[in-house]
């Protein structure tokens, strides 16, 4: 496990969620000092705490260790809309986006 990346992602996702370190510590029911240490890579959260971090930040665990994370340029409302779609609907949207991209590459758009 890349502990440095984990600390970076915890901090990054907290900021994206608009939460302070104090708010995170409160929601996780841990001391502020413990939370500081997670973000500064001085300490690694236990499995239980990591699961709570995932829940509080509404992120799957693999997001915290994925080195190839790309920024999504979607609003929270757009993300919520996409989360409500089923697999077939998402695949249809992906197909449309791929067609659009291909047309842009071909100079058709």
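Taken together, the values in this text are just the output of simple stated rules run on the coordinates, not laboratory data. Keep in mind it's a predicted model, so treat the numbers as computed, not measured. Don't worry about glycine lacking a Cβ; one is built from the backbone with ideal geometry, like all the others, and counts go over all protein chains shown.
Does segment 3-64 come out rounded, prolate or oblate, given a ≥ b ≥ c as the square roots of the eigenvalues of its C-alpha gyration tensor, rounded meaning a/c under 1.5 and, failing that, prolate meaning a/b above b/c?
Details: a/c = 1.21, a/b = 1.05, b/c = 1.15.
Rounded is the answer for segment 3-64, as its axis ratio a/c remains below 1.5.
On full extension, the segment bounded by residue 20 and residue 32 gains 3.3 nm, given 0.36 nm per residue less the C-alpha separation. Put a dot 7 Å past the Cα of residue 54, heading toward its Cβ, do the same for residue 66, and the two dots end up 1.3 nm apart. The label-point distance for residue 40 and residue 88, in a model that sets each label 7 Å from Cα toward Cβ, rounds to 5.4 nm.
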